[in-house]
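Novice: Pasting a structure below so you can have a look.
Values quoted throughout were computed directly from the atomic coordinates according to the rules given, and no laboratory measurement underlies them. Remember, it's a predicted structure, so these values are computed and weren't measured experimentally. Reconstructed Cβ throughout: ideal geometry from the backbone, glycine too, with neighbour counts over all protein chains shown.
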Amino acid sequence: MVSVGKLRNALEDLVRGVGDGRVFVGKHEGFIVLTWPRGSMPDTTRVIAQSAQLLEKLGVEYDRSSSYVFLRIKEASNALEWLVRAVSAMESLVVVGGGSGKEEEELSGEEAVTVDWEKVISELSNVVTKHFSGFSEVVSEVGDALRSNNNPLLLGGPGSGKSFILNTLMELVPSSVYIHMGESTQAAIEDMVINAGESLQLLVIDELDKAPRNTHISPILQLADVLPDGTRVLRVAKRGKVVSMVFNNLRVVAAANPFNPRLRARNWWDALMDRFIPIKTPTFTIEEAVNYVRERAGKSPEWLPELLRQYIDVLSIRRLDQITRLIATNTKQQTIEKTLKTSKSTPNTPPTPFTKPPFMK
């Protein structure tokens with residue numbers, strides 16, 4: 001349950017965020033839109049997500065992407081004035097204890113977010129296989145891992161669809177934290193998880209193989225361990241105190257490039273792999289690539305299949321997104337071909353083969 005006080009505090013934080021620039025204010029189709037990065041105010045974001053139904057009754061639409069949170073406010077001319085009125089309304093609902101020991105009133109019907117993993121797995125399959133039918137087996141394996149409270153690890157080269165699957169999962173699970181191992185320290189990882197709280201449902205770890213030093217993976221090793229009762233525990237020392245957190249419904253999903261013994265330290269790579277289920281991402285077909293571009297650009301030129309076939313060795317999902325944007329803006333074939341030709345460093349070079357890490361041999 002989300003308390004009135006917590007929602008009031010979250011709204012007050014949005015007021016401060018508008019004032020100091022953390023929250024952006026804009027207008028779109030008659031709505032005032034508040035926007036902020038998901039990681040900038042984790043506590044506020046979590047409370048807002050849990051209060052979405054109540055906010056909807058107040059004329060506010062809650063939405064999110066993998067990177068941002070959005071609040072669309074109806075029938076308001078000024079964001080700050082609306083927020084101040086909302087804070088006042090929450091203030092009037094707070095039950096003052098007065099020494100009676102009575103706790104603060106809770107918002108009825110606003111329970112903490114509990115993820116329906118069966119629904120998430122089904123929607124993940126629908127979104128991914130809609131574009132790439134060849135990914136059905138991968139999505140099925142990811143679903144099996146999530147359903148059984150195991151940790152799936154997507155293995156594949158750049159542009160092989162790993163991030164596509166991770167981003168889709170984050171869209172489907174509101175209470176999630178994204179970590180890029182190549183840019184994160186141990187302290188940063190611990191702080192992000194602590195700020196998210198024990199209601200955290202999904203931990204997404206990208207570029208798992210890029211962890212610079214062994215110490216960075218300590219919180220990952222802890223959170224990837226599932227106890228007999230199905231919970232996960234994080235214990236860290238912060239400011240002279242030991243913080244211990246228990247997660248009841250957390251899932252950990254990661255992505256990495258194939259194992260390269262020249263770049264990885266076996267002592268920590270093996271420890272990680274002992275906690276994850278490796279799943280290799282497949283390559284997509286020319287037909288799937290054409291359909292992907294057609295669905296997103298709204299059209300598919302006659303010359304596209306042959307062009308993609310000619311440059312199949314440099315195609316990735318990110319490259320297809322680039323082609324989609326070019327076709328959507330009526331860019332000429334010669335320009336698109338030049339873009340592909342430039343990215344093709346060596347003619348007729350086959351794709352880098354998948355190298356099995358030692359634990360898969």
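Novice: Among E302, E337, which comes first, second and so on when ranked by fewest other beta-carbon atoms within 10 Å? If you can, show how the numbers build up before the last one.
Specialist: Values: E302 7, E337 14.
By the 10 Å Cβ count, ascending, the order reads E302, E337.
Novice: OK, next. Please turn the phi angles of region 22-35 into ³J(HN,Hα) values with the Karplus equation 6.51 cos²θ - 1.76 cosθ + 1.60 (θ = phi - 60°), one per residue in order, whole Hz, x for glycine and proline.
Specialist: For region 22-35, the Karplus-derived couplings read 6, 10, 8, 10, x, 10, 8, 6, x, 9, 8, 10, 9, 9 Hz, x marking Gly and Pro.
Novice: OK, next. Across region 142-156, in residue order, what do the Karplus-derived ³J(HN,Hα) couplings come to in whole Hz, using 6.51 cos²θ - 1.76 cosθ + 1.60 with θ = phi - 60° and x for Gly and Pro?
Specialist: 4, x, 4, 5, 5, 5, 8, 6, 9, 10, x, 10, 7, 10, x
Novice: How do R232, R296 line up, fewest other C-beta atoms within 10 Å first?
Specialist: Numbers: R232 23, R296 16.
Arranged by neighbour count, lowest to highest, R232, R296 become R296, R232.
Novice: Using a simple spin-label model with points 7 Å from Cα along the Cα→Cβ vector, what separation in nm is obtained for L58 and N330?
Specialist: For the pair L58/N330, the computed spacing is 4.6 nm.
Novice: Can you list residues from other chains, or at least 5 along the same chain, whose modelled amide H is less than 5 Å from the amide H of L58?
Specialist: none
Novice: For a Förster distance of 30 Å, can you work out the FRET efficiency between the beta-carbons of E81 and N149, rounded to the nearest 0.05? Can you show the working numbers first?
Specialist: Values: r = 46 Å, r/R0 = 1.54.
In this case the efficiency is close to 0.05.
Novice: Would you list H216, H180 from fewest to most Cβ contacts within 10 Å?
Specialist: Ordered from fewest to most neighbouring Cβ atoms within 10 Å, H216, H180 come out as H180, H216.
Novice: For a 21 Å ceiling on Cα separation, which of these pairs sit above it: K130/K162; K162/K280; K6/K74; K6/K57?
Specialist: Details: K130/K162 16 Å; K162/K280 9 Å; K6/K74 23 Å; K6/K57 18 Å.
As for pairs spanning more than 21 Å Cα to Cα, those are K6/K74.
Novice: Among 14-24, 242-252, how do they line up from the highest to the lowest mean number of other beta-carbon atoms within 10 Å? If you can, show how the numbers build up before the last one.
Specialist: On the way: 14-24: 15.2, 242-252: 17.4.
Highest mean packing first, the order is 242-252, 14-24.
Novice: Excluding residues fewer than 8 places away in the same chain, name every one of the aspartates and glutamates whose C-alpha is closer than 19 Å to that of K241.
Specialist: Filter leaves E190, D191, E198.
Novice: Any idea what diffusion coefficient region 117-280 gets from Stokes-Einstein, in µm²/s, Kirkwood Rh on alpha carbon pairs, 4 °C, 1.567 mPa s? Display every interim value, and only then the final one.
Specialist: Values: Rh = 16.2 Å.
So the translational diffusion coefficient is about 80 µm²/s.
Novice: What FRET efficiency do you get for T285 and K341 if R0 is 30 Å and r is their Cβ-Cβ distance, rounded to the nearest 0.05?
Specialist: On the way: r = 22 Å, r/R0 = 0.72.
According to the calculation, E is roughly 0.85.
Novice: Still on this structure, please answer the following. For the pair K241/E29, report the inter-label distance in nm, with labels modelled 7 Å from Cα in the Cβ direction.
Specialist: Result: 4.6 nm between the two label points.
Novice: For L307 and D274, compute 0.36 nm times the residue count separating them, minus their Cα-Cα distance, and round to one decimal in nm. Numbers along the way, then the final one.
Specialist: Numbers: separation 33, 0.36 × 33 = 11.88 nm, distance 4.23 nm.
Going from the current span to full extension adds 7.7 nm.
Novice: Starting from 0.36 nm per residue, how many nanometres of slack lie between L227 and E198 once their C-alpha separation is accounted for? Could the numbers behind the result be given before it?
Specialist: On the way: separation 29, 0.36 × 29 = 10.44 nm, distance 1.54 nm.
The span from L227 to E198 would gain 8.9 nm if fully extended.
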